[in-house]
Amino acid sequence: MTTLQLPIVSTCSVDGCSYNHDHDCHAGAITVLGGTSCGTYVSLDADADAGVANRAAVGACHRSDCVHNEKLECQATSVSIGAASDPADCLTFAARG
Ligand code: SF4
């Protein structure tokens, strides 16, 4: 079995997400979509106590124009998620020069 070292979601300020507990994301892994929005976000109506992980990893990221992105995987040590242009954006995104 191969062990992948995935980046962690160090903090998430999206209080309206079911996976968010005290600004920690408890999903097993998230996917960041093309607009840098978190594709794993789900409103509190779904399950106010969602997730079993202590801290989510970034499983995949579709932002190939980010300096941290390699083959649609994030190579950053950790990322922060919060409101920017979308209510749940990757705040660690940095455009390639
Ligand atoms: S830092 Fe860049 S590569 Fe990593 S999840 Fe955020 S947008 Fe994707």
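Within region 59-71, identify whether any single residue is at positive phi and at pLDDT 95 or above, and answer yes or no.
Checked region 59-71: at least one residue is at positive phi and at pLDDT 95 or above.
Just checking, how many residues over region 14-64 are under 12 Å from residue 90 (Cβ atoms) and either among the charged types (D, E, K, R) or out of contact with any strand residue (DSSP E or B) (no Cβ under 7 Å at 6 or more places or on another chain) (or both)?
4
Need at least 2 residues that are surrounded by 12 or more Cβ atoms within 10 Å (Cβ to Cβ) and near the ligand (Cβ under 9 Å from one of its atoms) per element, so show me which strands (runs of 3 or more DSSP E) inside the chain make the cut, counting only ones lying wholly within it.
29-32, 57-61, 78-82
The values are calculated or read from the model by the stated rules, or taken from the named source; none is laboratory data. Quick caveat: nothing in here was measured; it's all calculated off a predicted structure. In this analysis, Cβ positions are derived from the backbone assuming ideal geometry, glycine residues included, and neighbour counts consider all displayed protein chains.
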